[in-house]
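First up is the structure itself, then whatever we jot down about it.
The values are calculated or read from the model by the stated rules, or taken from the named source; none is laboratory data. Note that the structure is predicted; figures quoted are calculated from it, not measured. Don't worry about glycine lacking a Cβ; one is built from the backbone with ideal geometry, like all the others, and counts go over all protein chains shown. Side chains are part of the model used for accessible areas, which takes the heavy atoms of the whole protein and leaves out ligands, DNA and RNA. Shrake-Rupley method; radii C 1.70, N 1.55, O 1.52, S 1.80 Å.
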Amino acid sequence: MARIASINRNTNETQIELTLNLDGNGKCAVKNPIGFFDHLLRSFCKHGLFDLTGTLEGDLEVDQHHLIEDTGIALGQCFSKALGNCAGIFRSGFFIYPMDESLLRASVDFGGRPFCVCNANLTGIPLVSIGQNGKQASFQTDCFEDFWQGFANGAKCNIHLDTIRGRSDHHKMEGLFKAAGKALRQAVSIDERSAGQIPSTKGVIV
């Protein structure tokens, strides 16, 4: 049975359409106006083997915060919707990802109660790049945690993200997205030994 979910989030600040396939091949085809954010989502999908399509639009003339946080919420809602009652999954996952000088750790549990701990240890200095139009573009690194807080709320999961060590903000953020993809892949994978049981002593994920 396909574990695919779509979410449309339309507010006065953002217009987001996402479709997620938990059992994909790692393909990311999301129309994303923020270059480095697109890079992060592509890395997440590649290492989690999730397929993600859609369109992201928002009031970037105000700030990147609204679009990045709302994308996290919508993506988390896709996970929650695709998992349903979580029957048969491993539920939790963990991964440590080395990326050059940086070492990153992600832990996740689909226990029904949202909580995010993010110790990315970023400098807060925006990453600057050259956009496709030849003009200077940037990624607001302070929005990194906003994305994952939104994701935890939407997915109703616990997620802990830690930089064990590192220098480059680029490597820390990319490595954490990769580690999160790997950890989430473990958590949502089907546990053949569980015989489709709800992975909780409560008998329900709430």
Test of understanding: among Leu18, Leu41, Leu49, which residue is of a type outside the set (S, T, N, Q), on the phi > 0 side of the Ramachandran plot and modelled with pLDDT of 95 or more?
Leu49
Would you mind stating whether Gly72 is buried (at least 17 other Cβ atoms within 10 Å of the Cβ), among the small types (Gly, Ala, Ser) and within 29 Å of Thr201 (Cβ to Cβ)?
no
Given the conditions (1) under 30 Å from Val206 (Cβ atoms); (2) of a type outside the set (Val, Ile, Thr); (3) in contact with a Phe, Trp or Tyr (Cβ under 6 Å, 6 or more places away or on another chain), and given that Ala82 satisfies all but one, which numbered condition is not satisfied?
(3)
Can you name every one of the strands (runs of 3 or more DSSP E) wholly within the range 85-197 that holds 3 or more residues which are open to solvent by 10 Å² or more (accessible area, probe 1.4 Å) and modelled with pLDDT of 95 or more?
92-99, 102-109, 115-119, 158-165
Within 19 Å of Phe37 (Cα to Cα) and in contact with an Asp or Glu (Cβ under 6 Å, 6 or more places away or on another chain): does that describe Cys118?
yes
Pairing a residue in the range 159-180 that is under 11 Å from Leu103 (Cα atoms) with any residue that is in a helix (DSSP H, G or I) and basic (Lys, Arg), where Cβ atoms lie under 7 Å and the two sit 6 or more apart in sequence or on different chains, gives Thr163/Lys172; Gly166/Lys172
Pair list, Cβ under 7 Å, 6 or more apart: the range 183-206 residue in contact (Cβ under 8 Å) with a residue 12 or more places away in the chain and more than 24 Å from Asn21 (Cβ to Cβ), other residue part of a loop (DSSP other than H, G, I, E, B) and not small (Gly, Ala, Ser)
Val204/Ile198
